[in-house]
Amino acid sequence: MTLRRVQVTDFRCLHQAHLEFDPHYTLISGPNASGKTSLLEALYVLGRGRSFRTRRLDPLIRTGTDRFVIFGEAEVAERRVALGVEGSKEGLRAKLGGERVASLAELAAALPVQIIDPEIHRLIEEGPGRRRRLLDWGVFHVEPGFVGHWQKYQQALRQRNAGLRSGLAAPVVSAWDGDLIRYGDLITEARARYIASLTPIARAAASDLLNLELSLNYRTGWARELTFREALSRSWRQDQESLATQVGPQRAELVIRVDGLAAKDRISRGQQKLLAAVLLLSQMRLLPQESGTRPTLLLDDPAAELDAQRLGALIRAVQAQPLQLIVTTLHEAPADFAEFGTPGRRYRMERGEVRSD
């Protein structure tokens with residue numbers, strides 16, 4: 001799908017914003033604190049059902065109002081599909097094609113959206129949670145059964161953990177082990193297949209853009225020499241003490257190494273940002289091959305913390321992808337972005353207001 005238009009109401013600093021997007025390249029300029037990142041955040045919420053900046057809904061609702069609404073239209077095969085998200089203190093509601101979605105995964109399938117922002121280096125620098133989310137976004141788009149397996153695994157995990165917190169006996173708690181193992185193994189196999197497909201693409205890109213030797217490895221979330229069933233059995237005492245299941249896919253890790261060392265210990269902040277972008281763009285390259293989907297890439301102030309050489313490398317990597325590009329910048333006509341070509345649409349933002357250039 002390609003995002004064609006969006007209307008944002010009472011989201012962060014945005015009172016009303018209406019934009020139409022070029023299927024290839026849209027440029028949004030404006031000074032700092034004008035609302036550019038908030039606008040990209042709204043687009044991300046439309047495609048993901050959550051923010052990339054916070055897990056809470058309250059900060060997303062404009063001060064003095066009780067809800068935000070984001071409405072958009074995406075196009076696939078010359079057919080328009082409506083998407084809508086509303087957030088309030090009661091939670092988040094979403095619709096697709098006028099019908100309430102049963103799962104936010106339906107939004108993600110309809111509008112595959114990713115963002116490269118000035119904080120993307122945290123994918124390399126921080127703990128495994130971010131990398132698991134990145135991994136699972138990619139697996140979701142190429143493994144049709146993955147989301148169902150993940151939902152069933154999470155349900156079993158919640159029930160098992162509730163039993164542990166209640167102090168139930170081992171035979172009672174282990175009643176959920178069958179589903180936990182069944183769906184945990186399916187998740188693990190899907191992730192491993194995906195990493196096998198992703199690795200050669202990411203390795204080539206890291207070599208071309210950074211002159212680094214990249215390796216990606218998957219740690220399952222339990223000891224390598226054990227099956228999940230064996231690991232679950234051995235962790236029972238630790239699970240009892242911590243009141244939570246200590247092994248499983250929820251503890252898995254995507255290990256990123258460059259030149260044989262942990263990436264966060266080997267490369268600079270600018271290199272981390274570019275390496276994280278390499279991983280994300282490599283994922284996006286898999287989407288058309290595996291699912292026929294054309295993703296939307298949000299590129300927030302790409303010149304931040306990148307020198308001219310690395311910015312040029314990032315732009316060339318983006319240009320090589322079959323995607324829809326929405327870029328924000330401080331400058332109305334940034335010379336650094338000439339390689340992107342001429343934007344099909346231009347907008348200017350000032351104090352949360354949007355106007356067409």
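Throughout, read-outs are computed from the coordinates displayed, never taken from laboratory work. For clarity, every value in this text was computed on a predicted model and none was experimentally measured. Every residue, glycine among them, receives a Cβ derived from its backbone with ideal geometry; neighbour counts consider all protein chains shown.
Where does helix 177-210 land angle-wise versus the long Cα axis of the chain, in degrees 0 to 90, nearest 10?
With rounding to tens, the tilt is 40 degrees.
Where both partners of a DSSP beta bridge lie in the chain, what percent of those bridges are antiparallel, to the nearest 5?
Values: 44 of 62 bridges.
If we restrict to bridges inside the chain, about 70 percent are antiparallel.
Please label the shape of the range 20-92 as rounded, prolate or oblate, based on the square roots a ≥ b ≥ c of the eigenvalues of the alpha-carbon gyration tensor (a/c under 1.5 means rounded; beyond that, a/b larger than b/c means prolate, else oblate). Write out the running numbers ahead of the final one.
Numbers: a/c = 2.32, a/b = 1.27, b/c = 1.82.
Oblate is the answer for the range 20-92, as a/c is 1.5 or above yet b/c matches or exceeds a/b.
With contacts defined as alpha carbon pairs under 8 Å and 6 or more residues apart, what's the relative contact order of the range 192-274 in percent?
Working: 83 pairs, mean separation 26.3, N = 83.
Once normalised by length, the contact order is 32 percent.
When the Kirkwood hydrodynamic radius is evaluated over all pairs of different C-alpha atoms of the range 1-60, what value in angstrom, to one decimal, is obtained?
On the way: mean 1/r = 0.0810 Å⁻¹.
Averaging 1/r across every pair of different Cα atoms and inverting gives 12.3 Å.
Can you give me the relative contact order of the chain as a percent, contacts being Cα pairs under 8 Å and 6 or more apart?
26 percent
Just to check I understand the Karplus step: with θ = phi - 60° and J = 6.51 cos²θ - 1.76 cosθ + 1.60, what whole-Hz values come out for the range 338-344, glycine and proline as x?
Result, ordered by residue: 4, 5, 6, x, 8, x, x Hz.
What do you get for trypsin sites (Lys or Arg not before Pro) in the range 82-177 restricted to DSSP loop and a cutoff of at most 11 other Cβ within 10 Å of the site's Cβ?
Values: sites: LYS89, ARG93, LYS95, ARG100, ARG122, ARG130, ARG131, ARG132, ARG133, LYS152, ARG158, ARG160, ARG165; in loops: LYS89.
Counting only loop positions with at most 11 other Cβ atoms within 10 Å, the trypsin sites (Lys or Arg not before Pro) in the range 82-177 are LYS89.
Search the structure for amide H atoms under 5 Å from the amide H of HIS15, placed 1.01 Å from N in the peptide plane, and list their residues when 5 or more places away or on another chain.
Amide H neighbours of HIS15, under 5 Å, 5+ apart: ASP10.
Only sites in a loop by DSSP and with at most 12 other Cβ atoms within 10 Å count here; which GluC sites (Glu not before Pro) in the range 84-135 make the cut? Present the calculation step by step, with values, prior to reporting the outcome.
Values: sites: GLU86, GLU90, GLU99, GLU106, GLU119, GLU125, GLU126; in loops: GLU90, GLU119, GLU126.
Those that pass, being in a loop and sparsely packed, are GLU90, GLU126.
Sort all Cα-Cα distances of the range 79-181 into consecutive 5 angstrom bins from zero, then give the percent of pairs in each bin up to the one containing the longest distance.
Going out from 0 Å in 5 Å bins, the range 79-181 shows 2, 10, 14, 14, 17, 17, 14, 8, 3, 1, 0, 0 percent.
Starting from the Cα-Cα distance between ARG93 and GLN319, subtract it from 0.36 nm times their residue separation and give me the gain in nm to one decimal.
Working: separation 226, 0.36 × 226 = 81.36 nm, distance 3.47 nm.
Difference between extended and current length: 77.9 nm.
Which whole number of Å³ per residue matches the convex hull of the alpha-carbon atoms in the chain?
Values: hull volume 51.5 nm³, N = 357.
Dividing the Cα hull volume of the chain by its residue count gives 144 Å³.
Using a Debye calculation, one point per C-alpha and no hydration shell, please list log10 I(q)/I(0) for the range 127-247 at q = 0.10, 0.14 Å⁻¹ in order.
-0.38, -0.68
So what is the relative contact order of the range 120-293, in percent, for Cα pairs below 8 Å that sit 6 or more residues apart? Present the calculation step by step, with values, prior to reporting the outcome.
Working: 196 pairs, mean separation 54.8, N = 174.
Worked out over the range 120-293, it gives 32 percent.
Report, to the nearest 10°, how far helix 308-319 tilts away from the longest principal axis of the Cα atoms in the chain, using its own Cα long axis and a range of 0 to 90°.
On a 0 to 90 degree scale, this one is about 80.
Treating the angle as unsigned and between 0 and 90°, give the value, to the nearest 10°, between the Cα long axis of helix 36-48 and the longest Cα principal axis of the chain.
50 degrees
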